[in-house]
Structures are given as structure tokens and as C-alpha cells.
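Presented below is the structure to which this report refers.
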Amino acid sequence: MKRTCHYVRSNGTAQYYLACDENEYLCHPHHRMPSKASTKSQWAISRPEECHTYCQASLPTPSGDGSGGLWYISVGAERVLGTKGERLAYFEIPGDGEAVPRHGYPVGPNRRGTPHRPDPVLVESWQRSGRIARHVADKIRRGRI
Amino acid sequence: MNSILKSIRIRLPGEWVDAWLYKETAVFWSPDGFLYYLPLREIRAAIERIAGRHVAVVADYLVFRNDWKQSKQFSDLLTFVPNLRDSLLSVFEGDSLTIEVEGVDQRLSRSAPHVGYILDTAVYGNRVYSAGESGLFETEFNPQFPESENPTIEVVDNEVLAVIANGGRAAFSCGEAGLRTRSIEFGFGKVWWDNLAKVGTVDDYSIDTSFSTLDLLNYTGDAAPHFLRARTRWEDPSGSAQYRQRIVVDYDQPLEMIGAIRKALNSNHRIAMSGEVVTDSLETGLKVIGNSNYHLLVSDNGRHSVINISALSDSKPARLYRNRGFREEKMGSGLVSNAISTQTVTSGFLLEGFDSTGLITERGTYVVIDEPRVRLRAFPRSRRHHDCFVAIGDNFVELVGYIEV
């Protein structure tokens, strides 16, 4: 996939990018604020890289799980995305007519208040396609990563 | 002088999702939920055939008979007769010995299969629990009568992330549905699945649970688990049980531990667990990584310690105190900080990492397996296998034993 995503504009601490799928993507400031770390997971990668993880979740085939959002995991889950070692990322996709831009955040092991976990069907598809090995798939399903 | 860990891996082929060592039998779950079994004596005979009697004897102490390994007699032999120790361990060319076992076939049991993906299992009192995305299931498997036909009964139909069993009770983590328990109906002389006990909820959220002797530690993803003290009574032997045993009757209300943990880290005294609530503990960098029975492995801004739970007397509150046996300088920081789960082994803590398996003892921290494994399983309440573990690989299962020298 050719990488075309790029920075477009800022609004205070929020930075907007044009993603590879030509949708606007918001690097939400709450996920880059240590003061919010107790309730919001924090990205450990740069904003351009954050946007491109969304692009990879969206293209060539959206890696959704029927919940309305998209999921990203790097090949082999090698890449650590969040400041607490998170290797998954979830991107909220607005519904039709909603004016909220796409944005996402790292997702870690199960804990109280975790809003999302990848659907087992999606995890199986990652394993079948060879994106992740069996041990990674099992750890995701057990909520360990 | 630094210790070295020698490990033996007995590798059996096959794609499995979980395995237990139970009453001289290895029990396996296939990906489609069926229960298989293999007498350990057959594995031991295969080792002797393939690798010789010397290796089989080493496997006895490290895997099949940890009660021998833990004995003072064995410890004295290794300590005071170094020639014998060196000769015994001469089978290890490096620090690890792998034996590829062939010519043994796991047998299919006649228990009905688990439905759906298995996330965890427990075996206790000839009861087999399998937990997964479709619920918690219970069946019976008696290694003395492995050909018996048994139904698999659904306990709950919500997702169950973890299950443990001891003290006549099963406890299982159901996420938003809480930590739930049920007493086990052994059904001696009766059909055991008739008149099953009701399921009760003892905490309102749970992603994992573990025993601290018979008390429960309930993990929620917060900085520290909740502590649930067990109320018990003694029960006389019946059925296959040979000894009087303590049975859990119920659990007290969950107690917060983090306040007492913080005090215990900085004290030489025993700190009573008062249930003090401390907010934002995760943001102070204090976290319980896991436990090994009543030992808590604690990380405090990258510094690691072990805190003991003492809850022996029913008349006194449970207390926490610093364990001086596990020294911070002996706990390798990377392995501990990156652990995604822990299990109980007699020597210390078994650590599951993203792509490795580690062991913390009072003498050091070791990488036992430097490759990823699908799952690990330890057997802390086993008389013979309390200091070894099973590791599930992509297309094999390993029985792993070790010894520090």
C-alpha cells in the first residue's frame, strides 16, 4: 500500500491528518496527555505513525469486527503502540451523519473499563492470514495482550 | 556465586490447547474441545527407550516426582556429594535438554467435548473444568477409570476467562459478570450432575483469579487484586479422598490490598489489610504483576519485590509483609516487567512473557524457554508435579522440569 497520509492542520493540541483512505483522521490529544493516562491509553508512537496505523487498519480491507470500529495489530504483534506495552489499536468510525472525525487509541490487556476487545472472528482471520502466530492469537483471546 | 538453571523439556507432538498433569496421567485438550489422556508411565518408558535410563532418572526428579526433588535427602545428595550431582547432571550438554518423544499416542476420553474456544482449564477432585467464550463446562475424568463415559454440563453460559478449583469449590472469572463460585458436588454413589449447587457472585468484575492457599485473589486489571478471605470447615475423608481436608464454605467481602501493599513495601512490620482504597495507584507506578500462592510479585516504578500474605488465623485480619528471601537484585527487571501472567510453582514464580518463559526463585531469575509458547500450565497443589510446568507449542506440548545448581 502506497503511503499518502499527511498532516493537514491543527486546532489547539489536536492534529488532523488526511489518511491514505482519504478520510480525515484526528490524533486526539487525550491519548497524548500523561495527565489523562489513568483513563485514556497513551500512544507511544509519533502522530504520523498513529495515522498510518489507522490507514493500515482501513486498507486494503477494513479490519472491522462488526462493532463499527477498526482494529490494528502489526505483523507478528512485534510493534508496541502504547506507553504501557499495548500492541493493539482500536479506531472509532463515526456513523452516517456524525461529524466526529476518525480517531483511535492503543488497547491493552483486559481491565475494568476497557471499552473494546477484538472479536474472536477477527483474531482468527489475523491468524489464518499469517499476520499473527498462534501464540499471539491465543494471548489476545485470553485478554493477555 | 550465581546459580544456573538446568531444564529438561519432554516434547510430545500434536496440536493442543491445554494440558494438565493429574494423578499419574497427562490430560490434553484438542482444538475442537475433546479430552485426551496418556499415562505418565508410558511417557517415562518412551524417554528411557529413546534417551536412556540416565535421562529417565533425571526426568523422574525434575518432572514426574517433584516430591523426590524437594526432599532433604535429594538436596543433601546434591549439596554434599558433588560427584553424584555432576554425574546426575551430565546429561545436560548446555543448560537445556530436549527429548522428542515418539511412539506414544494420546487416547480419546469418553467425556463430551467443550463447546467453543477454550480459554482456561482446571482439574480437581476428578472434575474437569473448561472455560471459554461460550461459557464454563464441567465434566468428570477419573484416571483410574479413563474409559468412563461422562456428560459435559454447562455451569454458566457467559464468557469465562479463567477458572480455578480447590477446597471443594470452583471459582471463575467472568469479566463484567464478576467473580463467581460454586461448591463442587462430588456425588459419591450418586449421579454427580443431579442437584448441582447454585452459582454465587463474590466480586463484581474479574478477569483472572488465583488462590492464596484457599483464599482468593481477584484480578481486575487495577493496580492490585482484591483479597477474598475464605471461610472454611474441616471435612472427613469420603469417596477417593484419603485425608481430612478443609472445604471452602463461603468468601468474605472483597478487600482492597493496594494501601497495605504500599505500607508493607516500606516497613519491617506486618501490615493488616484494612481494605483502604487508594486512587490512581496505577499512575504511581505500583502494580501487582501476579502471585505465586501467597507470594505477591510487586513492581514499584520498575523495582520488584515480593510481599507475603499471612491469613492463617481466622481470628486475626490478614496481614502483608515483605518477603526477604526474594531479593530485588536477583530479579531481572526486563523479564519481570514484561510478564503478562504469572503462575505458582514451588520454587517461586513462573512468568509468561510475550515471547519467552521465565522463572523467579530466591536464587535468581532465569529464562527457561527463549521462544514463544501458546500457553503455560503449572500444578502447585499436585503432590508430584508442584515444581514443573507444561508449555503448549504450535504443534507440540512440553513437560518442563528444572533444577538450580
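Computed from the coordinates by the stated procedures, all read-outs in this text should not be read as laboratory data. Please read all numbers here as calculations on a predicted model, not as lab measurements. Every residue, glycine as well, gets a Cβ built from its backbone with ideal geometry; the counts of neighbours run over all protein chains shown.
Our coupling estimate for the range B:40-56, obtained by passing each phi through the Karplus curve with A = 6.51, B = -1.76, C = 1.60 and θ = phi - 60°, is 5, 4, 6, 5, 4, 5, 5, 4, 5, 5, 7, 10, x, 5, 4, 5, 5 Hz, Gly and Pro reported as x. Using R0 = 56 Å, the C-beta based FRET efficiency linking B:ASP67 and A:SER129 works out to 0.75.
Kirkwood Rh, the range A:1-75, all Cα pairs: how many Å? Answer for the range A:1-75: a Kirkwood hydrodynamic radius of 13.1 Å.
Which of B:PHE145, B:PHE172, B:ALA230 sits closest to the plus end of the dipole of the range B:140-239, meaning its Cα is farthest towards the positive end, when Lys and Arg get +1 and Asp and Glu get -1 on the C-beta? Final value for the positive-end residue is B:ALA230.
Taking only C-alpha pairs under 8 Å that are 6+ residues apart, what is the relative contact order of the range B:14-96 in percent?
Details: 69 pairs, mean separation 11.8, N = 83.
Dividing the mean separation by the residue count of the range B:14-96 yields 14 percent.
Which of rounded, prolate, oblate describes the range B:304-405, given a ≥ b ≥ c as roots of the alpha-carbon gyration tensor eigenvalues and a/c under 1.5 marking rounded, otherwise prolate only if a/b is larger than b/c? Please list the in-between numbers first.
Numbers: a/c = 2.09, a/b = 1.52, b/c = 1.38.
The shape class here is prolate.
For the range B:354-405, what class follows from the C-alpha gyration tensor (a ≥ b ≥ c being the square roots of its eigenvalues): rounded when a/c is under 1.5, otherwise prolate if a/b is larger than b/c, else oblate?
Details: a/c = 2.17, a/b = 1.18, b/c = 1.84.
Since a/c reaches 1.5 but b/c is at least a/b, the shape of the range B:354-405 is classed as oblate.
Within the listed set B:ASN395, B:ASN323, B:ASN83, the residue fluctuating most in the Gaussian network model of chain B (springs between alpha-carbon atoms under 10 angstrom) is B:ASN83. For the pair B:ASN142 and B:SER267, the difference between a 0.36 nm per residue extended length and the Cα-Cα distance amounts to 40.2 nm.
Which FRET efficiency value, to the nearest 0.05, do you get for B:ARG246 and B:ASN301 by plugging their Cβ-Cβ distance into 1/(1 + (r/R0)^6) with R0 = 41 Å? Kindly include the intermediate steps, with their values, before the conclusion.
Values: r = 38 Å, r/R0 = 0.93.
Result of the calculation: an efficiency of 0.60.
Short-range pairs are left out: with C-alpha atoms under 8 Å and at least six residues apart, the relative contact order of the range A:1-65 is 29 percent. Considering only B:GLY94, B:GLY167, B:GLY275, the Gaussian network model of chain B with Cα springs below 10 Å gives its largest mean-square fluctuation to B:GLY94. Under 5 Å from the amide H of B:THR232 lie the amide H atoms of B:VAL249, each residue being 5 or more positions distant or on a separate chain, with H modelled from the backbone and absent for Pro and chain starts. For the set B:LYS23/B:LYS330; A:LYS139/B:LYS263; A:LYS84/B:LYS263; A:LYS36/A:LYS139; B:LYS263/B:LYS330, the pairs lying more than 29 angstrom apart at their alpha carbons are B:LYS23/B:LYS330; A:LYS139/B:LYS263.
Springs join every pair of Cα atoms under 10 Å in this Gaussian network model of chain B, and among B:TRP29, B:TRP16, B:TRP192 the largest mean-square fluctuation is at B:TRP192.
Shape verdict for the range A:53-102, please, from the Cα gyration tensor: rounded (a/c under 1.5), prolate (a/b greater than b/c) or oblate. Working shown, then result.
Working: a/c = 2.56, a/b = 1.76, b/c = 1.46.
Prolate, because a/c is 1.5 or more and a/b exceeds b/c.
If R0 is 22 Å, the Cβ-Cβ spacing of A:THR13 and B:THR284 corresponds to a FRET efficiency of close to 0.30.
Along the axis of the charge dipole computed for chain B (Cβ charges of +1 for Lys and Arg, -1 for Asp and Glu, origin at the Cα centre), the listed residues B:ALA46, B:ALA391, B:TYR243 are led at the positive end by B:TYR243. Distance between the modelled labels on B:ASN158 and B:GLN253, one decimal in nanometres: 2.1 nm (7 Å Cα→Cβ projection). Once C-alpha pairs closer than 8 Å and six or more residues apart are averaged by separation and normalised to the residue number of chain A, the relative contact order reads 18 percent.
In the protein assembly as shown, the DSSP-assigned H stretches of four residues or longer account for a calculated mean residue ellipticity at 222 nm of -4000 deg cm²/dmol, using -39500 (n - 2.57) per stretch and the full residue count as denominator. Proximity of backbone amide H atoms, modeled 1.01 Å from N, is registered between B:ASN293 and B:THR344 at under 5 Å, excluding neighbours fewer than 5 places apart on the same chain.
Take peptide A:13-26, look around each residue's Cβ out to 10 angstrom, count Cβ atoms belonging to other protein chains, and average those counts. Mind dumping the intermediate values first?
Values: counts 0, 0, 0, 0, 0, 0, 0, 0, 0, 0, 0, 0, 0, 0.
If you average over the peptide's residues, the count of other-chain Cβ atoms is 0.
What is the average number of partner chain Cβ atoms found within 10 Å of a Cβ in A:130-139?
Values: counts 0, 0, 0, 4, 11, 10, 4, 2, 10, 8.
Taking all residues of A:130-139 together, the mean is 5.
For chain A, leaving out every one of the trypsin sites (Lys or Arg not before Pro) that falls in a DSSP loop and has at most 12 other Cβ atoms within 10 Å, the longest unbroken run is A:4-145. A crude spin-label estimate for the pair B:ARG49 and B:ARG110, with each label 7 Å from Cα along the Cβ direction, gives 2.6 nm.
The stretch between B:ASP32 and B:GLU404, if pulled fully straight at 0.36 nm per residue, gains 130.1 nm over its current Cα-Cα span. With both labels modelled 7 Å from their Cα along Cα-to-Cβ, the B:ASP355 to B:ASP236 distance reads 5.9 nm.
Taking Cα centre as origin and charging only the Cβ of basic (Lys, Arg, +1) and acidic (Asp, Glu, -1) residues, the dipole magnitude of the range A:1-82 rounds to 300 debye.
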